[in-house]
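Scroll down for the structure; my scribbles are underneath it.
The values are calculated or read from the model by the stated rules, or taken from the named source; none is laboratory data. Fair warning: this is a prediction, and the values are worked out from it, not measured in the lab. Positions of Cβ are generated from backbone atoms using ideal geometry, with glycine treated the same way; all protein chains shown enter the neighbour counts.
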Amino acid sequence: MKDLSVYIHIPFCERKCNYCAFVSYCLSEEKQNEYIDKLIFEIKSFAKNDKNIKERVVKTIYFGGGTPSLLSIQNFHKIFKAINDNFKLSQNTEITIEVNPNSVDVEKLLEYKKLGINRVSVGVQSLSSRTLKQIGRLHDKKTALNSIKLISQYFDNISADLIIGLQGEKNITKYAKKLIKLKVKHISCYMLEIHENTKMLNLVNEKKYKPLSDDMVVKAYTKLSKFLTKNGFLQYEISNFAQKGYESKHNLTYWTFKDYVGFGVSAHSYIDGVRYENASNLKDYYLGKRLSEPKSEKTEIEERIMLGLRCYEGVSIKKLKDLGYNILENENCKAFLQKGILRKENGKLFLEPSYYVVSDYIIEHLI
Ligand code: SF4
């Protein structure tokens, strides 16, 4: 049997957040229905054309966005029907939905449960109403906390996103503490990136928003990592912390080179060693445009080092050797091992978590 993970991109949002550079649109219900029909067509076509479909078992499904919780329940039923008709699911398939605090209610949560969704990822980002307003989110602190309380009545496996760079070390740990108290089992912390063509960039240029300095961001990240580790969370990837058994199986697929297929605009896939990328605008996606990147040993070596060292799974020395790279002969690798920055165990190399903050530098010197 071949494990498969499925990603489904739901690119709808009520309003664009100031920092957002994701592929997301504010669309009418009619346009949403049109998108879902195309998405279902893509699911069916993949299953029809994949030579390994009979051996595949879907271990994880992830609804990401955009704001999947904006999608109508009817459309969710349609997607689940297409999945169930075309794929074999395992008994304990992890099924995650990303939600925004202001777009969940009891009715939706009950339907998600009925559909088999068993993990909810909440886009909290901050617990300061002022900051949330500044970055253009539609929820405030109270809505975020109430939504988690509500979700926890129906789901045990809850994740929350926080953005580092929006808040200093003191506040970010204060917010993490609140989330833990509400029984959140998984916390993802992402850096604030200020992209071209976003309102945020204009605000920064007009001096209406002042991002934290790099130094403050590093301090906030380090403090948060220490705090979460001390409170029973395992840092299983550079940006992800989980209580034991609550690591995201879906994300681990990406970092451990297992097959995954992405459906929807801008979705990525990695199937039998080949990477695919769907068009990142609706017009081209509807025309079925997508790019594929041929297998390359050089790229695979680089990706294995990059993804493996940022994750508690580490990087297999043998796998790199099979691809033609003996990493142990790399002088920088020898030095990092000697200094205790890298650790060698059971045929794998690991980056010590206290050096995650400088992982880019270390990885750069290994590839
Ligand atoms: S909710 Fe997420 S995807 Fe939607 S606009 Fe905000 S940041 Fe972008």
Filter result for the condition that a residue is modelled with pLDDT of 95 or more, crowded, with 17+ Cβ neighbours inside 10 Å and farther than 17 Å from I10 by Cβ, over Q125, Q134: Q125
For segment 59-67, check the following and say yes or no: at least one residue is buried (at least 22 other Cβ atoms within 10 Å of the Cβ), touching a helix residue (DSSP H, G or I) at 6+ places or on another chain (Cβ under 9 Å) and hydrophobic (A, V, I, L, M, F, W, C). yes
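Residue-wise test of (1) over 28 Å from K199 (Cα atoms); (2) in contact with a Lys or Arg (Cβ under 7 Å, 6 or more places away or on another chain); (3) not small (G, A, S).
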site: C17; (1), (2), (3): no, yes, yes
site: A21; (1), (2), (3): no, no, no
site: K31; (1), (2), (3): no, no, yes
site: I43; (1), (2), (3): yes, no, yes
site: I53; (1), (2), (3): yes, no, yes
site: T60; (1), (2), (3): yes, yes, yes
site: G66; (1), (2), (3): no, no, no
Within segment 74-86, can one find any residue that is β-branched (V, I, T), closer than 18 Å to V261 by Cβ and either within 13 Å of the ligand (Cβ to nearest atom) or assigned to a helix (DSSP H, G or I) (or both)? yes
With the condition being within 14 Å of the ligand (Cβ to nearest atom) and in contact with a strand residue (DSSP E or B) (Cβ under 9 Å, 6 or more places away or on another chain), I'd like the helices (runs of 4 or more DSSP H) fully within segment 104-187 carrying at least 1 qualifying residues. 129-134, 141-151
Do the conditions hold for Y25, that is, is it in the same structural domain as D156 (by TED's automatic domain parsing), crowded, with 19+ Cβ neighbours inside 10 Å and more than 23 Å from Y154 (Cα to Cα)? no
Within the bounds of segment 30-47, is there any residue that is within 14 Å of the ligand (Cβ to nearest atom), touching a helix residue (DSSP H, G or I) at 6+ places or on another chain (Cβ under 6 Å) and assigned by TED's automatic domain parsing to the domain that holds K113? no
Of everything in segment 1-24, what is more than 9 Å from the ligand (Cβ to nearest atom) and under 20 Å from the mean Cα position of the chain (by Cα)? Give them in sequence order. D3, L4, S5, V6, Y7, I8, H9, I10
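Okay, residues lined up against (1) in contact with a strand residue (DSSP E or B) (Cβ under 8 Å, 6 or more places away or on another chain); (2) not polar (S, T, N, Q); (3) not assigned by TED's automatic domain parsing to the domain that holds N118:
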position: Y209; (1), (2), (3): no, yes, no
position: S213; (1), (2), (3): no, no, no
position: L224; (1), (2), (3): yes, yes, no
position: Y270; (1), (2), (3): yes, yes, yes
For segment 20-62, name all the residues that are touching a Pro at 6+ places or on another chain (Cβ under 7 Å) and either aromatic (F, W, Y) or not in a loop (DSSP other than H, G, I, E, B) (or both). Y25
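Out of segment 87-103, which residues are away from the ligand (no atom under 16 Å from the Cβ) and of a type in the set (D, E)?
Result: E94, single match.
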Looking at segment 244-320, what strands (runs of 3 or more DSSP E) fall wholly within it and have at least 3 residues that are surrounded by fewer than 21 Cβ atoms within 10 Å (Cβ to Cβ) and more than 18 Å from the chain's Cα centre (by Cα)? 290-293
